[in-house]
Amino acid sequence: MKKIDTLDELIATVKKTDNIPTLPKVLSKISEEIDNDNFSIKNIGELMSRDISLSARILRIVNSPFYGFPQRIYSINHAIVLLGSNVLKSIIISTSVFTAMKETMAGLSEHSLFCAFTAKHIAENLRAKKINTIDPDIMFSAGLLHDIGKIIIATAFKDDFKKIIEIAGKSEKPLADIEHDILNISHDQLGYMLIKEWNLPPSIYLPIKYHHNVNLADDFKAEAAILNLADFLTRALGIGFSGASYLEKINGYALSILDIDIDFIKSVIEEIYSFKDELHIFD
Ligand SMILES: [Fe+2]
Ligand SMILES: [Fe+2]
């Protein structure tokens, strides 16, 4: 199979593919409104109420035990205020992308959602311990979108994707390395390109770019470390499916960046594990 030799070649191939996830009309209107500096909650709420499944999903997320707001939220406008524009936009993007994921890669939406909640939870615990002040909502968004590059591979390079998954099933190699062997690029880099294109902030797309190579990150290194750990824990707990069964050792470098130890990780696992039964909120 042909390797992708240049970035231009890659972009050209991706652009030629018809079914790369694009945002449906209502979603892109909402997304445009969010990008507007003085966006109005009322306008977004109105646009959103035209898409009942999206509104229902937003309310399910905001009322899920992961978010844990003390009182029940009934109004979409209230939910928009509580979640903030970045989380809202990530949910909108993943809404359309997860639909594509269901057909191409069963289990990836559960993997992404659990990773999102784990990343958010780690950031909250780090704040509580005054270790750092990383925004938990940014980590939620990064977790939700971190493996979106796999969808690009699955749709733009169908045959290569099949081969990658087949090799990953019997190989002791990280998935990103196998993608590199076959395509010269991996899902972390592709995801970064896509998320940047969709105008999300660097605090979301840079950790995505480095979630398998925390040591290479420059800005937002701690965010990349959280994302790496959240992804690792999701796979270690066997939640959803990320494309490969191989599990590397926990990333000691990421632990040292965040100044946490295995006991911290153990308590995170105890706190998040029961949430595995809540992953239907994206259905
Ligand atoms: Fe990944
Ligand atoms: Fe992942």
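A short reminder: the numbers here are calculations on the coordinates, not readings from a lab. Treat the numbers as computed from the prediction; the structure is a model and nothing was measured. No Cβ is skipped: glycine too gets one built from the backbone with ideal geometry, and neighbour counts run over all protein chains shown.
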Quiz prompt | 10 Å-binned pair-distance histogram of segment 135-177 (Cα, whole percent) | solution = 26, 39, 26, 10
Exercise. Determine which lysines satisfy two conditions relative to LYS29: a Cα distance under 22 Å, and not lying fewer than 8 residues away in the same chain.
Key: LYS15, LYS42, LYS89, LYS196
Self-check item: Cα-only radius of gyration and Dmax that characterise segment 159-216, units Å
Solution: 12.7, 37
Practice problem: For n ≥ 4 DSSP H runs only, could you compute -39500 (n - 2.57) per run for the chain, divide by its residues and tell me the 222 nm figure to the nearest 500? | Solution: -19500 deg cm²/dmol
Practice problem: Treating only the Cβ atoms of Lys and Arg (+1) and Asp and Glu (-1) as charged, compute the dipole magnitude of segment 7-282 about its Cα centre; round to the nearest 20 debye. | Solution: 620
Quiz item: Along the three principal axes, how long is segment 7-282 when you take its alpha carbons, biggest first, rounded to the nearest angstrom?
Solution: 49, 48, 34
Self-check item: Residues ASP159, ASP188 arranged by fewest to most Cβ contacts within 10 Å
Solution: ASP159, ASP188
Quiz item: Which ³J(HN,Hα) values, rounded to whole Hz and listed in residue order, are derived for segment 182-192 from phi using the Karplus coefficients 6.51, -1.76 and 1.60 in 6.51 cos²θ - 1.76 cosθ + 1.60 with θ = phi - 60°, glycine and proline given as x?
Solution: 8, 10, 6, 8, 10, 4, 5, 6, 5, x, 4
